[in-house]
Amino acid sequence: MRQPILLLSILLLISFHSYSQAPEERKFGDIKTADFDFPTSISDSTAGAVILFDKGKISTDHNFETILTHHVRILLLNSNEFDRATIKIPYGVKDYIKKIKGSSYNIINGKVVESEVSKKDIFTEKVSDEVRQERFTIPNVKEGSIIEYSYIVSHGNLSSLATWYFQTSVPVVYSEYVVKMPSFFNYVQLLSGTLPLSDVSFNTENAQRNGYSYQVVEKKFISRNVPAFVSEPFITGKENYISKIKFDLSDYQFPGGHRVNLIPPTYFELSKKLAADEYYKGVYSGNNFFKNELETIFSGLDSDLDKIKAIYYFVQENYSIDTDIMSSSMRKIFNEKKGWRQDINMILTSMLNKAGYESYIVRLSTRSNGPLNEIYKSAKNFNYSICLVRLEGNDYLLDASEDYLPFNTLRPETINGKGLIISEENPGWVDLKYDASSKERAYSTIKILETGGINGVVQLQKSDYSAYYLKKEFDKLDKYIDKFQDDLPVWEITDHQITDHNKHDLKETINFEISESEIMLDDKVYFSPILFNKVSSNPFKLDKRLFPVTLQCPIDNNYTYRIEVPEGFEVEQLPKDLLIALPNEGGKYLYRCQLMNGAIMVNSTLSINKDFFTVEEYFYLKEFYAQIVEKQAEQIVIAKRG
């Protein structure tokens, strides 16, 4: 998959200029009547709320532990945004939170009236073993109210500072993030999104600790009049496009000490470092507790490829996802037959290695996690693991954590550029690509009855991603059959048989009838020959697109219909043929309708060859589907003679 090109998804190695004039400092409770007016700098007059300002500051205390100070003020304009008055502040179990304040403000009899959050109404909740949160609801919220809250959290972790979002689901008048850190901590700054910052500046000051002099560097990032982030269909996730900044510690050097680098110079060095970890060593050494299972799995199999497939399907069918179990013990995962997705793929890789096959863990960044950063070589860039097995010069990429996923097929969420092979001896890259598409083949025989009704038989085969998604959506095929009938109310289905063929194909036989009352008028039969899986509406409705289009997977559909015309009827109207194609070999659509030997032959073929379309290609994709919708809506007209 091609990576989206974001205007500012770059590593910030920029030069800072001196402070511009700071905006007016507004202390907690400093509310003026003019603050209740809709900000003139915000163009979206339909917004249900406007963030008047959002200020955050990261600094350190005398123990060099990070402190986050956060102050937010919001104008609530309608009740749809009242949920913003319920505040949840997450923090680690070893962190310390203090100075929590919250208030609402309303104009009553021409005066600003404040309603404060009482300390007894602030609740501490357990989110997980490692995370707690403070929760409270700001009182007396009405349409037109202003709410405000602030707090301070002391964190012990210097390696990753809090990610700051300049953009939210509502407009922001002013967003400010200040990072004030000793100069011996060196952070990489990752800014993503499509909106430029209004101001980036820095300042320095001298400080002393234990007789050492050093500098403290303060960096300020400001964004003004930020429009609301509006998601679009067919994107990989808002985190890839929303404007935000994050910091990760790259290296540090205390006064009088040596520089300590936390980020390796290359990804291959990172691969070797990870492979040296005891957990990965356990995966690659193979585990003796797999021995008995492997003997059972290999019973009656001769070829290496069949044995590899058998291991894959064994793990897929016998291990289940359980996110409550997080263990570094392969033995525990093996015994309980459940774990995180990547734990299951660790088991798969270990079993393949124990069986003597060259197999590796591949670390990758999923689509929702974003494109892999080519410059900043951090293990934090990856969030998922799959298995690579090599046999006779061929690479097979496997993900056994997902039910129904065919061999050598990846979940579309994980197909995102390239993956890093974790190995001390053979580190490298592997392209994450589709080995399959969403494929459907159908042949339909349709008989027009002398009464004007229809009898028909459909032979339908779903393969690869088409079969996978159907099985994933419907845990029982009976539910799919019911939905198929519900989606085609004019059909009377007399029989619907489904067979599960070779683990990744579904074959269907559907017998159906359509009453003449549904399609006949004044001795004429009117119907669209595309009787099912019709593209009835354009999935691309936006006039203007801000973000690239990412489809789940390529598409390969071919439907053929043979329509028998009875004696005493004649064909009065047929749709014209159509052949259209997308630029850059992105796809094509063929529609052919012909009268041959007393029968009407219709073929509809749709091919989408890639999953990523740029903003510039969006117009062509939208027009492409508009023509498909129009063509598939056209009707055949058959009339009685005389």
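The values are calculated or read from the model by the stated rules, or taken from the named source; none is laboratory data. From a predicted model like this one, the values you see are computed outputs, not experimental measurements. Neighbour counts are summed over all protein chains in view; Cβ atoms, including those assigned to glycine, are modelled from backbone coordinates with ideal geometry. Heavy atoms of the whole protein, side chains included, go into the accessibility calculation; ligands, DNA and RNA do not. Shrake-Rupley method; radii C 1.70, N 1.55, O 1.52, S 1.80 Å.
If you rank ASP505, ASP431 by how much accessible surface each has, with a 1.4 Å probe, what is the order from largest down?
Of ASP505, ASP431, the descending order of accessible area is ASP431, ASP505.
Reported to two decimal places, what Rg/Rh ratio describes the range 438-640 when computed on Cα atoms with Rh from the Kirkwood expression?
0.99
Using Cα centres only, tell me the gap between the range 165-214 and the range 216-256 in whole Å.
Each part's Cα centre sits 10 Å from the other's.
Provide the per-residue ³J(HN,Hα) series for the range 399-414, in order, calculated from phi with Karplus coefficients 6.51, -1.76, 1.60 and θ = phi - 60°, each as a whole number of Hz, with x at glycine and proline positions.
Result, rounded to whole Hz: 9, 7, 7, 10, 4, 6, 6, x, 4, 6, 10, 9, 4, x, 4, 9.
Just to confirm a number: summing +1 for Lys and Arg and -1 for Asp and Glu over residues other than SER79 whose beta-carbon lies under 10 angstrom from that of SER79, what do you get?
-2
When all protein chains stay in place, what accessible area (Å², nearest 10, 1.4 Å probe) is found for HIS62?
So the heavy atoms of HIS62 present about 130 Å² to solvent.
Report the dimensions of the range 403-478 along its three principal axes from the alpha-carbon atoms, largest first, rounded to Å.
74, 23, 16 Å, listed from the longest principal axis down.
Roll a 1.4 angstrom probe over the protein heavy atoms and tell me the percent of accessible area of the chain that is carbon or sulfur.
C and S atoms contribute 47 percent here.
Can you count the Lys pairs in the range 51-119 with C-alpha separation below 29 Å, eight or more apart or on different chains?
Number of lysine pairs found: 24.
Expressed as a whole number of Å, what is the distance separating the alpha-carbon centroids of the range 387-404 and the range 93-161?
Cα centroid of the range 93-161 versus Cα centroid of the range 387-404: 48 Å apart.
For a quick check: with amide H placed at 1.01 Å from N, whose amide H comes under 5 Å from ASP199's, ignoring anything fewer than 5 positions away on the same chain?
ILE222
Going highest first, how would you order 238-248, 592-602, 130-140 by mean Cβ packing within 10 Å?
Packing proxy ranking, top to bottom: 238-248, 130-140, 592-602.
Roughly how far apart, in whole Å, are the Cα centres of the range 476-499 and the range 323-386?
After rounding, the separation between the Cα centres reads 39 Å.
Convex hull volume of the Cα atoms in the range 267-431, per residue, in Å³?
109 Å³
Taking R0 as 60 Å, what FRET efficiency do you get between PHE184 and GLU564 from their Cβ-Cβ distance, rounded to the nearest 0.05?
Step by step, r from the Cβ atoms, then E = 0.10.
Can you compute 3J(HN,Hα) from phi for each residue in the range 445-456, using the Karplus curve 6.51 cos²θ - 1.76 cosθ + 1.60 with θ = phi - 60°, rounded to whole Hz and x for Gly and Pro?
With coefficients 6.51, -1.76 and 1.60, one gets 10, 10, 10, 7, 7, 5, 7, x, x, 9, 10, x Hz.
So what is the 222 nm mean residue ellipticity for the chain from helices alone, if each DSSP H run of at least 4 adds -39500 (n - 2.57) and you divide by all residues, rounding to the nearest 500 deg cm²/dmol?
So the calculated ellipticity at 222 nm is -5000 deg cm²/dmol.
According to a simple spin-label model (label point 7 Å from Cα along Cα-to-Cβ), what is the distance in nm between GLN635 and LYS126?
The answer from the label model is 6.5 nm.
Can you give the Rg and Dmax of the chain based on its C-alpha atoms, in angstrom?
Looking at the chain, its Cα Rg and Dmax stand at 30.8, 109 Å.
Once phi is turned into θ = phi - 60°, what whole-Hz ³J(HN,Hα) does the Karplus curve with 6.51, -1.76 and 1.60 give for every residue of the range 432-444, x standing for Gly and Pro?
8, 9, 6, 9, 8, 10, 7, 10, 9, 10, 9, 10, 10
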